[in-house]
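Each remark here refers to the structure printed beneath this line.
The values are calculated or read from the model by the stated rules, or taken from the named source; none is laboratory data. All of these numbers come straight from a predicted model, not from anything done at the bench. Every residue, glycine among them, receives a Cβ derived from its backbone with ideal geometry; neighbour counts consider all protein chains shown. Ligands, DNA and RNA are stripped out before the accessible areas are found, and what is left, the full protein with its side chains, is counted by its heavy atoms. Shrake-Rupley method; radii C 1.70, N 1.55, O 1.52, S 1.80 Å.
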Amino acid sequence: MKNLITPTGLYIGGQWLQPGDVVPGNVADFDYEKAARKGMLKDTEGAEIRNVQPGEQTTPATAPATAPAPAQGEQTYTAEEFGRVQRDRDELHRALTTAQQALRETEAQLTQARAAAADPADVAALTEYREVVGELLPTTFPSRKVLFDNGYYTLDSVRYADDETLKDLSGIGDSRLAEIRKLAPLTVNEE
């Protein structure tokens, strides 16, 4: 078998051959027939491709086959380079798997966020409530928890409460009342 080429690229006799390279026809322990069935070998003269028979001159599978030197610009791959390429491929595969997992988690979070999104009717009701009642005390408001626990939820409710009533609340003294009055000055109800 002298007229063999590889249309796809082939690893034979310890070396990688590129598509169109001449394939040595006498490498021991290489299944030529199988490679031909898979479309990895082609005889340029259309002859039948068969395996090397016992007694025929062979080249050991571990020794590099005698093939013409690659043309300028072509590459041949060593086992070390092939191993590096496989490691790079494995690393990229792991990175892809990690990215796909992160995507699935993000999609699940998005689905959960969409399910928990406020109903437009609830938003409208809250807006209407705020227009009537007013905004709640800000989270940084002095003694907010004490005021909430005693029914003072808005700035207006604190403004209309007299100083003595607020000082009677547990946790509000003169200094705390002064801080509250800076943000919510007393409003006298003129009725």
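The table that follows gives values for the structure above.
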{"read-out": "Surface accessible to a 1.4 Å probe, Phe148 within the full protein complex, Å²", "value": "50 Å²"}
{"read-out": "Projected label distance in nm at Ile5 and Arg50, using a 7 Å step from Cα toward the beta-carbon", "value": "2.5 nm"}
{"read-out": "Whole-Å semi-axes of the ellipsoid equivalent to region 76-122 (Cα gyration tensor, √5λ, descending)", "value": "46, 6, 4"}
{"read-out": "Percent carbon-and-sulfur accessible area, the chain, ignoring ligands, DNA and RNA, probe 1.4 Å", "value": "52 percent"}
{"read-out": "Distance cut-off 27 Å, percentage of C-alpha pairs in the chain lying past it", "value": "64 percent"}
{"read-out": "Pairs of lysines in the chain (C-alpha under 28 Å apart; 8 or more residues apart or interchain)", "value": "7"}
{"read-out": "Accessible area in square angstrom per residue, the chain, 1.4 angstrom probe", "value": "72 Å²"}
{"read-out": "Within the chain, percent of DSSP bridges classed antiparallel, to nearest 5", "value": "90 percent"}
{"read-out": "Computed [θ] at 222 nm, deg cm²/dmol, the chain (DSSP H ≥ 4; -39,500 (n - 2.57); rounded to nearest 500)", "value": "-13500 deg cm²/dmol"}
{"read-out": "Coarse-grained scattering of region 105-155 at q = 0.31 Å⁻¹, given as base-10 log I(q)/I(0) from a Debye sum over alpha-carbon atoms", "value": "-1.06"}
{"read-out": "Cα lying deepest toward the dipole's positive end in region 93-191, options Thr127, Pro185, Ala102, charges on Cβ", "value": "Ala102"}
{"read-out": "Charge dipole of region 70-191 about the Cα centre (unit charges at C-beta), most positive-ward option of Gln86, Leu137, Tyr153", "value": "Gln86"}
